[in-house]
Amino acid sequence: SIPFFCDHGFEKMRTSSIIIAALLVSFVAAEVYFSENFEEGWEKRWVESNVKKSEGTAGNWKWTAGKVTGDADNKGIQTGKDASFYQLSAKFDEFSSKGKDLVIQFSVKFENPIECGGGYIKVMPAGLDQSKFEGESPYNIMFGPDVCGFTKRVHVIFNYKGTNHLIKKTIAPVTDSFTHVYTLIVKADQTYTVLIDNNKVEGGSLLEDWDFLPAKEIKDPKVSKPADWVDDKQIPDPTAVKPDGWDSIPELIVDPEASKPEDWDDELDGEWEAPLIANPEYQGEWEAPLIDNPAYKGEWVHPLIPNPDYKEDSSIGSYESNAFVGIEVWQVKSGSIFDNFLITDSVEAASEAAKAVAQVREGEKQAEEEVKAAEAAEAARLAAVENDATADEEEVHVHDHDEL
């Protein structure tokens with residue numbers, strides 16, 4: 001379908017890529033490792049994997065701004081086939097993030113309800129065969145939204161010593177039909193921040209919010225609870241005596257309100273017996289009441305010792321080799337538009353770039369309002385036509401009746 005777009009008040013969004021580029025240049029100290037706004041010729045910079053093509057499950061990419069947009073020239077790449085895999089990667093000059101801040105940022109727009117699928121990206125080390133890029137390809141960081149039914153989260157996954165570690169917190173993504181910017185900031189001091197549309201949604205310590213390392217302390221294997229340790233807070237009262245007649249109270253008794261039915265026949269039905277009911281005076285098996293245990297020593301706490309397997313590692317969250325960025329997702333419902341990729345060491349540059357993308361989102365919202373208004377006007381026009389047609393039919397019917 002032809003994209004619907006409005007241009008009043010949003011002309012500068014047509015050159016959003018130029019704005020973002022200018023912003024990045026203005027931060028002279030910023031190191032921009034990768035930037036992609038999917039302008040014309042983007043296909044030369046990205047390589048599609050062949051892994052799923054042979055299986056017939058590979059999706060196709062569209063270069064588009066979407067159906068409802070504030071700027072038809074501000075295009076991204078859109079997943080174009082339902083129930084498909086999307087495996088696309090781009091190479092950049094290899095760099096190390098050791099001892100540096102790292103910012104990974106991109107935008108995604110779920111133009112169609114995604115239902116079940118990924119909207120995340122991956123940053124990978126050198127050595128990737130782009131034609132064979134797939135789910136098992138090693139990566140350093142995976143970041144972005146993932147939705148499947150009621151399960152909705154923003155993935156933040158780091159690879160550490162060959163194992164992919166998921167964040168222990170749940171971060172909710174935004175799943176409406178507008179463009180949203182996802183930002184991951186990994187600081188050299190091993191703290192992190194996740195932002196959506198420049199708003200912080202999570203943050204903290206890498207060492208606390210992921211299980212990269214074993215526990216600092218472990219239970220002392222040489223120590224066990226003493227055999228005479230008393231950890232029962234209460235005990236049965238040894239001086240208590242069961243009341244006389246306690247055991248003579250039956251659990252069930254004959255229902256005193258029951259009576260023999262009038263139509264009961266002893267010869268045919270047998271001798272009538274009143275039904276049994278629970279005895280309200282029955283108290284169950286007697287147990288001595290509990291009292292505080294005078295020998296109670298409290299809960300025994302297993303002493304801890306330093307874990308010999310624990311070793312601090314200042315390299316967690318940083319990588320010697322970063323050389324590729326890729327999209328590697330499965331989507332039940334296609335229509336997601338990826339755009340505005342940025343990998344840098346500058347939080348400020350990323351923030352300014354995200355602000356520029358916010359103008360795109362506002363344009364989409366205005367365009368959507370215009371679409372709704374146009375649809376409402378068209379519905380009203382059709383209703384008026386239908387009403388006029390009905391009135392004409394009624395007038396013809398009356399005229400025919402008068403002639404008769």
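The values are calculated or read from the model by the stated rules, or taken from the named source; none is laboratory data. For clarity, every value in this text was computed on a predicted model and none was experimentally measured. Using ideal geometry, Cβ is built from the backbone for each residue, glycine included, and neighbour counts are taken over all protein chains shown. Protein only, heavy atoms only, side chains kept; ligands, DNA and RNA dropped before computing areas. Shrake-Rupley method; radii C 1.70, N 1.55, O 1.52, S 1.80 Å.
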* Out of the stretch 212-247, which residues are part of a strand (DSSP E or B) and under 43 Å from the mean Cα position of the chain (by Cα)? -> GLU217, ILE218, LYS219
* Would you please name the residue that is modelled with the highest pLDDT, looking only at residues in the stretch 388-404 that are assigned to a helix (DSSP H, G or I) and open to solvent by 100 Å² or more (accessible area, probe 1.4 Å)? => GLU393
* **Test for GLY326: is it modelled with pLDDT of 95 or more and in a loop (DSSP other than H, G, I, E, B)** => no
* Residue, nearest to GLU115 (Cα to Cα), within the stretch 314-338, restricted to residues that are open to solvent by 50 Å² or more (accessible area, probe 1.4 Å) and among the hydrophobic types (A, V, I, L, M, F, W, C) -> VAL332
* Determine if the stretch 352-364 includes at least one residue that is assigned to a helix (DSSP H, G or I), over 29 Å from GLU111 (Cα atoms) and open to solvent by 60 Å² or more (accessible area, probe 1.4 Å). => no
* Out of (1) among the basic types (Lys, Arg); (2) touching a residue at least 24 places away in the same chain (Cβ under 8 Å); (3) more than 30 Å from ILE305 (Cβ to Cβ), what's the single condition that is false for LYS260? -> (2)
* To do: Give the number of residues within the stretch 65-97 that are closer than 13 Å to GLY335 by Cα and surrounded by fewer than 19 Cβ atoms within 10 Å (Cβ to Cβ).
  => 5
* Failed condition for GLY363, given (1) touching a Phe, Trp or Tyr at 6+ places or on another chain (Cβ under 7 Å); (2) of a type in the set (Gly, Ala, Ser); (3) closer than 30 Å to LYS98 by Cα, with all others met? -> (3)
* To do: Would you be able to say whether some residue in the stretch 223-230 is of a type in the set (A, V, I, L, M, F, W, C), more than 30 Å from GLU273 (Cβ to Cβ) and without any contact (Cβ under 8 Å) to a residue 60 or more places away in the chain?
  => yes
* For the stretch 127-134, does any single residue satisfy the condition of being within 28 Å of THR57 (Cα to Cα), of a type in the set (Lys, Arg) and outside any strand (DSSP E or B)? -> yes
* Structure fact -> Reported set for the stretch 50-63 where residues are over 26 Å from the mean Cα position of the chain (by Cα) and either within 21 Å of PHE324 (Cβ to Cβ) or at pLDDT 95 or above (or both) is ASN50, VAL51, LYS53, TRP63
* Which pairs have Cβ atoms under 7 Å, sit 6 or more apart or on different chains, and link a residue in the stretch 142-162 that is touching a residue at least 60 places away in the same chain (Cβ under 8 Å) and under 18 Å from ILE185 (Cβ atoms) to one that is surrounded by 17 or more Cβ atoms within 10 Å (Cβ to Cβ) and of a type in the set (Gly, Ala, Ser)? -> PHE158/GLY317
* Asked: Yes or no: LYS297 within 30 Å of PHE34 (Cβ to Cβ) and under 48 Å from the mean Cα position of the chain (by Cα)?
  -> no
* **Given (1) under 26 Å from ALA367 (Cβ atoms); (2) part of a strand (DSSP E or B), index of the condition SER89 fails** => (1)
* **GLU370 open to solvent by 50 Å² or more (accessible area, probe 1.4 Å), in a loop (DSSP other than H, G, I, E, B) and either within 30 Å of ASN159 (Cα to Cα) or not basic (Lys, Arg) (or both)** => no
* Considering every residue within the stretch 114-121, establish whether at least one is touching a residue at least 40 places away in the same chain (Cβ under 8 Å), open to solvent by 10 Å² or more (accessible area, probe 1.4 Å), of a type in the set (A, V, I, L, M, F, W, C) and assigned to a strand (DSSP E or B). => yes
